[in-house]
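What follows is a short report on a single structure.
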């Protein structure tokens with residue numbers, strides 16, 4: 001595998017990075033942000049406790065050799081960046097690591113233009129989601145949820161051991177971490193009742209998941225092999241699959257989870273590239 | 001209810017419309033098309049056997065009083081038109097009926113600019129689909145499919161009589177009628193077998209459905225009442241929910257239909273407004 005210079009563990013930055021930071025120079029993620037003084041959404045990365053304005057860095061011609069248009073950085077979503085493909089995104093990340101390297105003076109004096117303290121900005125939903133697929137990927141989780149809905153005898157369905165069991169979720173309900181949500185109303189069948197009742201969910205649950213952002217599209221009907229998969233995955237986000245278990249239990253046979261999970265799904269604002 | 005002048009049954013057009021046409025002057029639908037001589041997608045309507053270029057009509061200032069920007073008509077999808085809201089789309093449709101009325105000479109001499117024989121154009125997917133939800137809406141269909149998968153005793157699930165049972169489908173697999181599709185490959189459990197096998201589906205099925213295009217968005221967490229529903233529904237399309245029943249049968253418990261229906265879903269190129 002190609003060596004990725006941005007990941008070099010010996011690299012240090014001229015930006016002050018706390019030892020326990022999620023974003024040392026080796027892990028420069030991608031996101032979208034705005035500031036009170038400039039409400040236009042634009043692309044960013046993070047280093048230590050700073051958010052880095054990539055649109056301004058591009059205006060300052062710091063990415064000149066990469067030849068990425070300003071419209072890619074002055075953008076509400078990462079999608080146009082993702083569509084550039086793995087090689088060009090990797091080159092951008094390598095260039096960022098080079099610019100923030102303590103041995104490089106190119107960008108340091110200009111940094112007041114593009115460094116914002118993280119607590120002074122608003123981080124936005126980073127990607128425009130076309131489709132969202134949720135896989136039932138841990139044996140223990142599948143068994144737990146199955147026990148909740150069908151009892152211990154029928155907890156794990158036979159297909160689980162043979163194929164990745166998944167369903168499509170509601171793409172338009174994906175929101176960025178920290179957004180307040182409403183407790184959903186819906187139909188549930190209380191224990192022992194003969195008829196369902198309508199009201200607020202009493203069994204709200206959350207699931208910590210890891211979500212993969214697919215950044216490049218394919219033609220309908222073309223298969224992507226597992227060997228090619230990494231070329232299509234832009235990066236990863238944290239995902240909270242909020243679930244109203246009482247609504248889900250009553251509605252899910254035979255078409256799967258629907259309203260019990262459609263009211264909100266939360267992702268982290270930072271996309272960590274697969275490279276990192 | 002407000003009277004919609006475009007629907008006036010006594011209206012006749014100066015365009016020759018066959019008696020059995022789907023698109024008399026009372027049913028002017030919306031779509032997106034392109035022509036061999038101008039491959040830029042743009043909005044259209046239909047009357048008789050003609051496709052009507054709405055972008056050109058707007059350039060010719062025939063919609064002047066409606067004040068809709070050229071960018072709405074010179075568009076790959078109907079979404080920006082839909083976002084104008086019910087009242088403005090209704091005004092456009094009324095104006096079109098007025099312009100095509102046999103008593104009106106305003107547009108007739110200009111018609112060579114915007115009328116194309118339907119067999120000389122390419123009709124495109126008319127809407128950009130954000131989410132696609134499929135409801136299990138006929139008692140007979142739910143019973144038939146249930147019998148196929150679970151036998152006659154468990155055919156209809158108890159929730160069916162209490163709430164609209166539905167699932168999210170794959171929005172990115174929606175294609176326009178006439179597009180060739182690939183027979184899907186997938187895992188199936190043949191009758192009596194102990195382990196699943198991988199291969200082409202042997203039980204391809206189709207379902208004729210009616211799909212509603214929701215043209216306006218809401219804020220997350222805000223409910224739309226049934227009384228308000230018509231303000232959000234732009235129109236209807238025909239929908240073919242292709243299904244690989246053998247793949248579906250093996251995969252669908254407990255998360256619902258997935259790969260057995262994700263390979264393609266076909267819609268008609270014309271959206272008939274709810275007004276019509």
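Nothing in this text is a laboratory measurement; each read-out follows from the coordinates by a stated rule. The structure presented is a predicted model; accordingly, all values stated were derived computationally and were not measured. Positions of Cβ are generated from backbone atoms using ideal geometry, with glycine treated the same way; all protein chains shown enter the neighbour counts.
Things to note:
- The angle between the Cα long axis of helix B:86-100 and the longest principal axis of the Cα atoms of chain B comes to about 50 degrees, rounded to the nearest 10.
- Ordering of B:90-96, A:68-74 by burial proxy (mean other Cβ atoms within 10 Å per residue, highest first): B:90-96, A:68-74
- The long axis of helix B:139-150 is offset from the longest Cα principal axis of chain B by roughly 30 degrees.
- Chain B, closest residue to the rotation axis toward A, by beta-carbon, whole angstrom: B:256, 1
- Cα gyration tensor shape of the protein assembly as shown, rounded if a/c is under 1.5, else prolate or oblate by comparing a/b with b/c: oblate
- At q = 0.17, 0.21 Å⁻¹, base-10 log of I(q)/I(0) for region A:169-273 (Debye sum, equal scatterers on each alpha carbon): -0.87, -1.07
- The other copies place their residue B:144 label points at 4.2 nm from this one, listed shortest first, where each point is 7 Å from Cα along Cα→Cβ.
- Ordering of A:78-87, B:30-39 by burial proxy (mean other Cβ atoms within 10 Å per residue, highest first): A:78-87, B:30-39
- Taken residue by residue and averaged, Cβ atoms of other chains lying within 10 Å of the Cβ of B:261-274 number 1.
- Label point distance in nm, residue A:231-residue B:76, each placed 7 Å from Cα along Cα→Cβ: 2.2 nm
- Shielding score for A:166-177, defined as the mean number of other chain Cβ atoms within 10 Å: 5
- Extension gain for the segment residue B:83 to residue B:40, taken as residue separation times 0.36 nm less the Cα-Cα distance, is 13.4 nm to one decimal.
- All distinct Cα pairs of chain A go into the 1/r average, and the inverse of that average, the Kirkwood radius, is 21.0 Å.
- Here is how far apart the residue A:206 label points are across copies: 4.7 nm, shortest first, using a point 7 Å from Cα toward Cβ.
- Comparing mean-square fluctuations of A:130, A:221, A:235 from a GNM of chain A with C-alpha springs under 10 Å, the top value falls on A:221.
- Annotation: Cα Rg of region B:1-112 relative to the compact-globule expectation 2.2 N^0.38 Å equals 1.02.
- Peptide A:152-165 has a mean of 4 when you count, residue by residue, the C-beta atoms of other protein chains within 10 Å of its C-beta.
- Taking the label point 7 Å along Cα→Cβ, residue B:8 and its counterparts in the other copies are spaced 7.7 nm apart, in ascending order.
- Computed E for residue B:179/residue B:276 - FRET, C-beta separation, R0 30 angstrom, nearest 0.05: 0.75
- Evaluated on region A:82-192, the Kirkwood hydrodynamic radius is 19.8 Å, with distances taken between all distinct Cα atoms.
- Residue A:21-residue A:218 FRET efficiency (beta carbon distance; Förster radius 35 Å; 0.05 resolution): 0.45
- In this simple spin-label approximation, residue A:109 and residue B:162 carry label points 7 Å from Cα along the Cα→Cβ vector, and these lie 7.2 nm apart.
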